[in-house]
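Values quoted throughout were computed directly from the atomic coordinates according to the rules given, and no laboratory measurement underlies them. Only a predicted model underlies this, so the values are computations on that prediction, with no experimental measurement involved. Virtual Cβ from ideal backbone geometry, glycine too; neighbours counted across all protein chains shown.
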Amino acid sequence: MLQVSIYRYNPETDQQPYMEDFEFDTQGRDLMVLDVLEQLKARDSSVTYRRSCREGVCGSDGVNINGKNGLACITPLSATVRKNKLVIRPLPGLPVVRDLVVDMSMFYAQYEKIQPFLQNNTPAPAIERLQTPEDRAKLDGLYECILCACCSSSCPSFWWNPDRFVGPAGLLQAYRFLADSRDTATDERLSRLDDPFSVFRCHGIQNCVNVCPKGLNPTRAIGHIRTMLLTRAT
Amino acid sequence: MDMVTAVTSLGRNGLADWLIQRVTGVILLAYFLFIAWAIAGGVDYPSWKALFEQTWVKVFSLMALLSLAAHAWIGLWAVLTDYLTERLMGSTGNFLRITSQLVIALGIFIYVVLGVQILWGY
Ligand code: SF4
Ligand code: SF4
């Protein structure tokens, strides 16, 4: 029997959060963590979490699984269960709405801050803005982010300053637009990042790289932004 | 959205602080290696005194002294603005942070003044 322990908190009825234990029979199958949650919800419908696509595309079921952030839908039990225990908590550092559901407002506010859309002040061409295959390749490893927040909510700098440090997810997207040959707002974008918090609260401990379910590398993108700031200033 | 401002940060912008932190780090490393090398060669009072009577050693020491001051301010400033904040503790956070900054600034000031006096005063 798999020992499952789930963080429970309903602000309407609970004084404080608690861990609830369940026994779970996998019947020898290597299920995904989300499958376990689904079956527990069938048993107790009050168990609350977010999910949508169930295949690692939508980014809505980011949770903390045995101490490591990840997507419940693409984390097989075999990859995380040790000593027969599965502990599921909400993503750290964000306010809990209920059980495993966190309030992502602060995370989205940082994303909004980096203006995640193409800006180009030259006249629009008749059909589309072209880009060479080489320039397009520069966006690989950046555009794939699904905004699951696994990275930012595993970053200590983001825990302490979620209102001032953009965080790994936001910075990866900031670089995605800085690196885009069709974007002409590079200088303004850099100016908005050149304070002691937005970029420079990153101390390079790479928790973000360690957890990203899409295998992306925010630390490297942050390094590129720093280099761009440095080149611009010197 | 506005840029995050920080009047108490040393360089007033992130890049300057970051660069100062790196450069002072290198100077400090070089200085401590130099001191370690001097000590490893064996020291007694006359040789130590002779070492510090050379102008370049004084200048190097002064550089290390100022580097340490800047390095410490930037590092501690980052720690204080992580843990002693209004977000975490309300106005207590602001009070504790500003008080700590004053104490640290005073400490660093005394340290620099004493250091300069020791280096150039005798
Ligand atoms: S490398 Fe930077 S952004 Fe990533 S977890 Fe560490 S401090 Fe956070
Ligand atoms: S960088 Fe990775 S971990 Fe971070 S939000 Fe994007 S997909 Fe999720």
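Taking region A:202-234 as the range and being under 25 Å from B:G11 (Cα atoms), within 16 Å of ligand 2 (Cβ to nearest atom) and of a type outside the set (G, A, S) as the test, the residues that pass are A:C202, A:I205, A:T219, A:R220, A:I222, A:H224, A:I225. Residue count for region A:179-200 under the criterion of being under 20 Å from the mean Cα position of the chain (by Cα) and either within 16 Å of ligand 2 (Cβ to nearest atom) or polar (S, T, N, Q) (or both): the result is 2. B:S91 fulfils the conditions (1) exposed (fewer than 12 other Cβ atoms within 10 Å of the Cβ); (2) under 18 Å from the mean Cα position of the chain (by Cα); (3) of a type in the set (S, T, N, Q) except for a single criterion, (2). In region A:164-180 there is no residue matching the filter, namely being of a type in the set (D, E) and within 14 Å of chain B (Cβ to nearest Cβ). Is it the case that A:E134 is exposed (fewer than 13 other Cβ atoms within 10 Å of the Cβ), in a loop (DSSP other than H, G, I, E, B) and away from ligand 2 (no atom under 16 Å from the Cβ)? No.
Apart from one condition, A:F197 fits all of (1) under 14 Å from A:P156 (Cα atoms); (2) more than 10 Å from chain B (Cβ to nearest Cβ); the exception is (2). Restricting attention to region B:79-122, the residues that are closer than 19 Å to A:D163 by Cβ, assigned to a helix (DSSP H, G or I) and of a type in the set (A, V, I, L, M) total 6. Checked against (1) more than 16 Å from ligand 1 (Cβ to nearest atom); (2) in contact (Cβ under 8 Å) with a residue 12 or more places away in the chain, A:L91 passes all but a single condition, namely (1).
Of all residues in region B:67-83, exactly one satisfies the criterion of being within 10 Å of chain A (Cβ to nearest Cβ) and under 9 Å from B:Q101 (Cβ atoms), namely B:W77. I'd like to check something: does region A:81-90 contain any residue that is over 12 Å from the mean Cα position of the chain (by Cα) and within 14 Å of chain B (Cβ to nearest Cβ)? Within region A:81-90, none of the residues are over 12 Å from the mean Cα position of the chain (by Cα) and within 14 Å of chain B (Cβ to nearest Cβ). Of all residues in region A:148-173, which are away from ligand 1 (no atom under 12 Å from the Cβ) and among the hydrophobic types (A, V, I, L, M, F, W, C)? A:C148, A:A149 - these are the residues of region A:148-173 that are away from ligand 1 (no atom under 12 Å from the Cβ) and among the hydrophobic types (A, V, I, L, M, F, W, C).
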